[in-house]
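Below is one structure; the comments refer to it alone.
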Amino acid sequence: MKFAWDQVPMRGKNMNPEESEDELRPEYDFDFSKAVRGKYYRQYLESTNVVVLDPDVAAAFHNSEAVNQALRAMLRFAEQTSNLTVRSSAPVR
């Protein structure tokens, strides 16, 4: 009886780079010895803005677009109402 895994070479069997056939194009060759772990980590953290909603809040929205629409509407409302509460510095008569 033959199984499919019998036909698959074992891991590590052909791990020697000289013996393996490299199918990558030369322009995709990457020298891992020059790689720097976490090189762009801080930049990535500064450019992302992930907000985790509490489960009860998340249940009120179908997707991220709905959350963004609600937040934009709230921002517009806050901006409009802030104009109503601006007080004049004129003396009261």
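Nothing in this text is a laboratory measurement; each read-out follows from the coordinates by a stated rule. Every value quoted in this text rests on a predicted model; they were computed, and no experiment measured them. Glycine also receives a Cβ, built like all others from the backbone with ideal geometry; neighbour counts cover every protein chain displayed.
A few comments on the model shown:
- Between VAL52 and GLU27, the simple spin-label model (points 7 angstrom out along Cα→Cβ) gives 4.2 nm.
- The label-point distance for THR81 and TYR44, in a model that sets each label 7 Å from Cα toward Cβ, rounds to 4.0 nm.
- Derived scalar couplings ³J(HN,Hα) [the range 67-84; Karplus, 6.51 cos²θ - 1.76 cosθ + 1.60; whole Hz; x for Gly, Pro]: 5, 4, 4, 5, 5, 5, 4, 5, 5, 4, 4, 4, 5, 5, 6, 5, 5, 6
- In plain terms, the chain from ALA35 to MET74 could stretch by 9.5 nm, reckoned as 0.36 nm per residue minus the Cα-Cα distance.
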